Amino acid sequence: MDAVMLVGGQGSRLRPLTMSAPKPMLPVAGVPVTAHMLARARDAGITRVVLATSYRAEVFEDYFGDGSAHGLELEYVTETEPLGTGGAIRNVAPKLRGGPDDPIVIFNGDILSGLDIAALVRRHQQTGAAVTLHLTEVGDPRAFGVVPTDADGRVTQFLEKTPDPPTNRINAGCYVFRRSVIDEIPAGRPVSVEREIFPGMLAAGTLVVGYVDSTYWLDLGTPDAFVQGSRDLVTGRIGSSALPGPVGDWLVLPDATVATDAKLGGGSVVGVGAVVGDGATIDGSVIFDGAVIGEGAVVRASVVGAGAVIGAGVALDGVVVGDGARIDPDNELRAGARVFPGAVLGAGAIRFSSDRG
């Protein structure tokens, strides 16, 4: 069975991390989130995946190659201009195999999900639907488009954000398409499946079915969600056969150096070749490859980019530090601060509390 993974987004909400890599290639629990989703596809019996790329397209093939190291056959199709979700799916159609009635699984590559993919496909085949959508239930659906269904699971509407949604079930970004539906999407222009294709199918009376699976689901689009997803993988809240180490309270990757009196916890990750100095605390944070955390620094619920240097005594809480940035000793950053790649903060330049002296 073929699958398509949509990995063309820039991830602007995650800047400055996505200034050097597209969101689906940022390391979550030690490997790109795309690697976790590819592993889940492989474990569900999918053997071939076409990656629909756009922004920084080259980094995907550089990392995954032909897919053989990941137990898959991979191919790549690159958009020359943004085509939207439907346009990106239609753009890969020439690479798909099989007949018009064969199922094609479509993933958003920046979603972390515990979905039972095989069960989704079975549901699609049992109902004879043209499209089957993974739906997940959320506590507050007002921030999402919602997807009402009837008693048989047939989708009845696609509703944009509303202050009084009729259901808490939302489109979770994974679908099974009948191959012929993909071939019918208009080619060569931007198309949205959510705003154009799916509503058009309902208007035409085409069978679109929802499959509710509310195991684990997280859109990694914000720094808080990015950190949460990494923590959940490390601690085993969601399983992944791509996790490059045992489940536990922290994950330290090869060639990293962690001082014996440093404190790691909360599902933190210390990247390849990173250094954590004497007396430092890393709590619920993601430290990218080659970063340096100085003596006595405290890093909580934060992301420290590749090659960044965090000086002695620095405190970070809910902060994103871009690649190669340097924060000199005795700075204190909190509450969503973002330090852009290569920036330098001199010693004691920023504090969120009164001066220690």
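The values are calculated or read from the model by the stated rules, or taken from the named source; none is laboratory data. Note that the structure is a prediction, hence the values are computed from the model and not measured. Cβ coordinates were reconstructed from backbone atoms using ideal geometry, including for glycine residues, and neighbour counts include every protein chain displayed. Ligands, DNA and RNA are excluded from the accessible area calculation, which covers all protein heavy atoms including side chains. Shrake-Rupley method; radii C 1.70, N 1.55, O 1.52, S 1.80 Å.
What to note about this one:
- Compactness of the chain - radius of gyration and Dmax, Cα, Å: 21.7, 73
- Distant-in-sequence amide H partners of TYR211 (H built 1.01 Å from N, under 5 Å): LEU133, HIS134, LEU135
- Phi-based couplings in Hz for region 259-265 (Karplus 6.51, -1.76, 1.60; Gly and Pro marked x): 4, 5, 9, 6, 10, 10, x
- Under a Gaussian network description of the chain, with springs only between Cα atoms under 10 Å, the residue in GLY284, GLY200, GLY109 that fluctuates furthest is GLY200.
- Proximal lysines to LYS23, defined as alpha-carbon separation beneath 20 angstrom and excluding residues fewer than eight positions away on the same chain: none
- Amide H partners (placed H, <5 Å) of GLY236, local residues excluded: GLY248
- A 1.4 Å probe run over the protein chains yields, for region 173-271, 43 Å² of accessible area per residue, whole-number rounding.
- Hits among aspartates and glutamates - C-alpha to C-alpha of LYS263 under 15 Å, sequence gap 8 or more where chains match: ASP249, ASP278, ASP283, GLU295
- Interchain or long-range residues, amide H under 5 Å from VAL252's placed H: VAL270
- Percentage relative contact order, region 275-357, counting C-alpha pairs under 8 Å, at least six apart: 21 percent
- For region 1-72, the direction-averaged projected area of the alpha-carbon convex hull comes to 4.6 nm².
- Distance histogram in 5 Å bins (all Cα pairs of region 155-277, percent per bin): 2, 8, 13, 14, 13, 10, 10, 9, 9, 6, 4, 2, 0, 0
- Estimated 222 nm signal from helices in the chain, with DSSP H stretches of n ≥ 4 weighted -39500 (n - 2.57), rounded to 500: -5000 deg cm²/dmol
- Taking the 1.4 Å solvent-accessible surface of region 6-77 as the whole, the part contributed by carbon and sulfur is 46%.
- Ranked by solvent-accessible area (1.4 Å probe, protein heavy atoms only, all chains present), the residues GLU196, GLU75, GLU61 order from largest to smallest as GLU61, GLU196, GLU75.
- Counted charge near ALA52, where neighbours are those whose Cβ lies closer than 12 Å (Asp, Glu -1; Lys, Arg +1): 0
- Karplus (6.51, -1.76, 1.60) ³J(HN,Hα), θ = phi - 60°, over region 301-310, in Hz, Gly and Pro reported as x: 6, 10, 10, 10, x, 4, x, 6, 10, 10
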